[in-house]
Amino acid sequence: MTPPATRPTAPATAGLGTGTGTRPGIRPSGTMPAVAMILASCVSLQFGAALAMQLFPELGSWGVTTLRLLLAAGVLLLVARPRALSWSRRQWMHVLLFGVAIAGMNGFFFASIALIPLGPAVAIEFIGPLTLAAVLSRKPRHLVWVGLALAGMALLGVESLDSGEPLNPLGVLFTLIAGAFWAGYILMGARVGASVPGTGGLAVAFLAAGMLTLPLGFGGVATAIATPWLLLLAFGTAMLSSVVPYSLEFAALRRVPKHVFGVLLSLEPVMAALSGWMLLGQQVGPLVVLAIFLVVTASAGSTLGSARDQET
């Protein structure tokens, strides 16, 4: 995986933004920009993940995770220059829990794609945000879009099973754990965006995430530091799979409700399948094409419905 200050008094369950619209914390007319941000995030993130896989043999999945988190934290801290010393205890708690979610989501996802293909991994991981979207949905039509997205994810899973390559059970387990942390990332990202101005919270959360994964990734980090070309490749991975996508997603979270954000993230498995096909030579069959259609339909329906809700 970026934005302006928000009202510290916004409730934790609200969306994010300046709060000038009809609903607290959600920017009116912010839906389409949010869609563009999430699309750009998906493209960047999947290319970054494909690039990261090239580093696994040298640094290991946890080494790659730690290095990209710490490098991304460095870039974000230089840009955001957070005034962390002025934060309240509650703000610090939100930021640190956000860091835990980022660490778990990234660490276990990278551990999973070292064992199973990129497309199925993202499809399985998406169970986390999709479940969250279903829980947060308050209207029947919201559940329709969640159901369509779920059908798309199921088709991606069936496609992976029909490929004749059974998925590694440990890789599937790691992906499910990453999905649970992904749901936590959405919830805590919303709270950080509502309570901490600017992108300082995101920057410090990345630093906390990198420190949390350091015990598992220390060997890989040491190897990269001693090998300049690996460090350069890791920096590119950090920019593509951390700085750019997370900054865009953090901004998007300030513009749409969390249940809409969760459905829109279903575009990510689609991009994973496409990037796996383009960059890694992984096959894309008819079921994947149908899954793409269902996911795009769900995302479009959820987006247009959110825009109508904000106008009323």
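The values are calculated or read from the model by the stated rules, or taken from the named source; none is laboratory data. Computed from a prediction, not measured in an experiment: that's the story for all the values here. Because the Cβ atoms are built from the backbone with ideal geometry, glycine has one as well, and the counts that use them run over all protein chains shown.
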message: Residues that are more than 28 Å from Thr199 (Cβ to Cβ) and modelled with pLDDT under 85: does the range 126-135 have at least one?
response: yes
message: Condition (residue is modelled with pLDDT under 85 and among the aliphatic types (A, V, I, L, M)) applied to the range 63-74: is it met by at least one residue?
response: no
Qualifying positions in the range 192-210 - within 14 Å of Gly99 (Cα to Cα) and in contact with a Leu (Cβ under 8 Å, 6 or more places away or on another chain): Val192, Gly193, Thr199, Leu202, Ala203, Val204, Ala205, Phe206, Leu207, Ala208, Ala209, Gly210
